[in-house]
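What follows is one structure encoded as structure tokens, with my remarks underneath.
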Amino acid sequence: MRASLGSFVMTHVYLIADIGATNARFCLIKDQKRYNELLVLNSKEFGSAGELIFSALNRFDVKQVAGAMLAVAGPLDKNRQNAVITNTGHTFSAQILEKELGCPVWLENDFVALAYGLDYCVDFVQLGGLQNSIGVKGVMGPGSGLGMATIVDEGKVRRVFSSEGGHSNFAPGSHLESEIWAILSSDLVHVSWENVLSGPGLVRLYRAMCQVWGTKPLDYDSEDITKLGVNLEEPVCHQTLETFFSLLGTAAGDFALTIGAKGGIYLSGGIVPAMSDFAVSSPLRRRFEEKGILSDYLKSIPLLIVKDDNPGLAGVRDRLEIHVG
């Protein structure tokens, strides 16, 4: 996919990117307002961060940009100069990329960028809770992994804190889920939420469910499981999806309690927005509220599915403005 710069002045053109373990989304931007055509590359097809970035620039037919703002699916170091994508191992060094690109390079965590992008979103599906709640918010979402971030609004200032909560312990909430945990723990040293609440996790959950049912798993990917489960064509896939959303509700409720998210929990990522109709009728909201003596505390907290396209890129553009004005 190639987009022409037309009348763009090269020194005023910036590269922004939202780089996950599966998809890397790129745009060129001028004056912090104008997008060109979106480019999506498969992150796993490239051996290094530099190779991925230069491939994007080549597709855009651009040899030089004024700067690059990159959101990556992994934790940043304390100096915000280095990051590793957790599920691919791609290493991003701002210093090295600046030498290769000949321009400033800024890094951000992908879910921190997504959190800043929420102000630009308009398409939400709300499940329960109060309307227009205020207070601390959380954003989380299953994709190639399970990302999380916390949002604290202090007057006109928004502060966002990154989180690796997706790697915290998977907590079963039923006898079935305990069986699944036991199956997964025989193969995994540590069973985390991300091990079940992600694209690869959905496949792992399906295969464990087949073992519970005593059936042979088929060679399904996450898209197959989703399609068959939503349409009730295959009962194991359907129960896998029901369990997936049950677990997501539990994890979201845990997150809300941990950060005191009275302002709501926003659900994004590559899986849930595409399944919002199923989510509404699933156990998601019920399991979100099932927290014993604090169930009433959670009843007022909204769950909001973010349906807008590419909210992460909107947040990357927002972060670019901090650096270039």
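The values are calculated or read from the model by the stated rules, or taken from the named source; none is laboratory data. None of the values given here were measured: they were computed from a predicted structure. Positions of Cβ are generated from backbone atoms using ideal geometry, with glycine treated the same way; all protein chains shown enter the neighbour counts. Surface areas here come from the heavy atoms of the whole protein model, side chains and all, with no ligands, DNA or RNA. Shrake-Rupley method; radii C 1.70, N 1.55, O 1.52, S 1.80 Å.
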Tell me whether region 230-250 contains one or more residues that are assigned to a loop (DSSP other than H, G, I, E, B), more than 24 Å from Ser185 (Cα to Cα), touching a Leu at 6+ places or on another chain (Cβ under 8 Å) and in contact (Cβ under 8 Å) with a residue 12 or more places away in the chain. no
Just a yes or no: is a residue in region 301-319 over 26 Å from His175 (Cβ atoms), touching a Leu at 6+ places or on another chain (Cβ under 9 Å) and among the polar types (S, T, N, Q)? yes
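Find the residue count for region 193-202, including only residues that are surrounded by fewer than 21 Cβ atoms within 10 Å (Cβ to Cβ) and touching a Phe, Trp or Tyr at 6+ places or on another chain (Cβ under 7 Å). Walk me through how you get there before you give the answer.
Applying the first criterion (surrounded by fewer than 21 Cβ atoms within 10 Å (Cβ to Cβ)) to region 193-202 yields 200.
Subsequent filtering for residues that are touching a Phe, Trp or Tyr at 6+ places or on another chain (Cβ under 7 Å) retains none.
Of the residues in region 193-202, 0 are surrounded by fewer than 21 Cβ atoms within 10 Å (Cβ to Cβ) and touching a Phe, Trp or Tyr at 6+ places or on another chain (Cβ under 7 Å).
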Looking at Thr250, Thr240, which one is of a type outside the set (A, V, I, L, M, F, W, C), crowded, with 21+ Cβ neighbours inside 10 Å and more than 22 Å from Gly138 (Cα to Cα)? Thr240
I'd like the full set of residues that are touching a residue at least 24 places away in the same chain (Cβ under 8 Å), open to solvent by 50 Å² or more (accessible area, probe 1.4 Å) and closer than 22 Å to Pro311 by Cα, limited to region 80-105. Arg80, Thr86, Asn87
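Determine, yes or no, whether Gly129 is surrounded by 15 or more Cβ atoms within 10 Å (Cβ to Cβ), at positive phi, touching a strand residue (DSSP E or B) at 6+ places or on another chain (Cβ under 7 Å) and outside any strand (DSSP E or B).
Details: surrounded by 15 or more Cβ atoms within 10 Å (Cβ to Cβ): yes; at positive phi: yes; touching a strand residue (DSSP E or B) at 6+ places or on another chain (Cβ under 7 Å): yes; outside any strand (DSSP E or B): yes.
The answer is yes for Gly129.
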Scanning region 260-288 for residues that are β-branched (Val, Ile, Thr) and open to solvent by 30 Å² or more (accessible area, probe 1.4 Å) gives Val280
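One line per residue, one yes/no per condition, for (1) without any contact (Cβ under 8 Å) to a residue 12 or more places away in the chain; (2) open to solvent by 50 Å² or more (accessible area, probe 1.4 Å); (3) in contact with a strand residue (DSSP E or B) (Cβ under 7 Å, 6 or more places away or on another chain); (4) outside any loop (DSSP other than H, G, I, E, B):
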| residue | (1), (2), (3), (4) |
| --- | --- |
| Gly147 | no, no, yes, yes |
| Val160 | no, no, yes, yes |
| Gly173 | no, yes, no, no |
| Leu176 | no, no, no, yes |
| Trp181 | yes, yes, no, yes |
| Leu188 | yes, no, no, no |
Residues that are open to solvent by less than 10 Å² (accessible area, probe 1.4 Å) and either more than 24 Å from Ala21 (Cβ to Cβ) or among the basic types (Lys, Arg) (or both), drawn from region 210-237: Cys210, Val236
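Name the single residue that is surrounded by the most Cβ atoms within 10 Å (Cβ to Cβ) among those in region 43-76 being of a type outside the set (A, V, I, L, M) and under 20 Å from Leu114 (Cβ atoms). Don't jump to the end; show me each part of the working.
Residues of region 43-76 that are of a type outside the set (A, V, I, L, M), as a first pass: 43-48, 50-51, 54-55, 58-61, 63-64, 67, 74-75.
Right, trim to under 20 Å from Leu114 (Cβ atoms) and you get 43, 74-75.
Values: Ser43: 21, Gly74: 25, Pro75: 14.
Among those that are of a type outside the set (A, V, I, L, M) and under 20 Å from Leu114 (Cβ atoms), it is Gly74.
State yes or no: is Arg317 open to solvent by less than 50 Å² (accessible area, probe 1.4 Å) and either modelled with pLDDT of 95 or more or small (Gly, Ala, Ser) (or both)? Steps first, please.
Details: open to solvent by less than 50 Å² (accessible area, probe 1.4 Å): yes; either modelled with pLDDT of 95 or more or small (Gly, Ala, Ser) (or both): no.
Considered against the rule, which asks whether it is open to solvent by less than 50 Å² (accessible area, probe 1.4 Å) and either modelled with pLDDT of 95 or more or small (Gly, Ala, Ser) (or both), Arg317 comes out as no.
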Quick one: which of Leu118, Leu114 is touching a helix residue (DSSP H, G or I) at 6+ places or on another chain (Cβ under 6 Å) and either within 30 Å of Leu298 (Cβ to Cβ) or open to solvent by less than 10 Å² (accessible area, probe 1.4 Å) (or both)? Leu114
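If a residue has to be part of a helix (DSSP H, G or I) and farther than 10 Å from Leu146 by Cα to count, how many in region 192-222 make the cut?
At the first step, the residues of region 192-222 found to be part of a helix (DSSP H, G or I) are 199-213, 222.
Filter once more, keeping what is farther than 10 Å from Leu146 by Cα: 200, 202-213, 222.
Number of matching residues: 14.
Quick check: is even one residue across region 297-307 assigned to a helix (DSSP H, G or I) and open to solvent by 20 Å² or more (accessible area, probe 1.4 Å)?
Narrowing region 297-307 to residues assigned to a helix (DSSP H, G or I): 297-299.
Subsequent filtering for residues that are open to solvent by 20 Å² or more (accessible area, probe 1.4 Å) retains 297, 299.
Checked against the condition, which is being assigned to a helix (DSSP H, G or I) and open to solvent by 20 Å² or more (accessible area, probe 1.4 Å), region 297-307 yields at least one hit.
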Among the residues of region 190-205, count how many are under 19 Å from the mean Cα position of the chain (by Cα) and without any contact (Cβ under 8 Å) to a residue 24 or more places away in the chain. 2
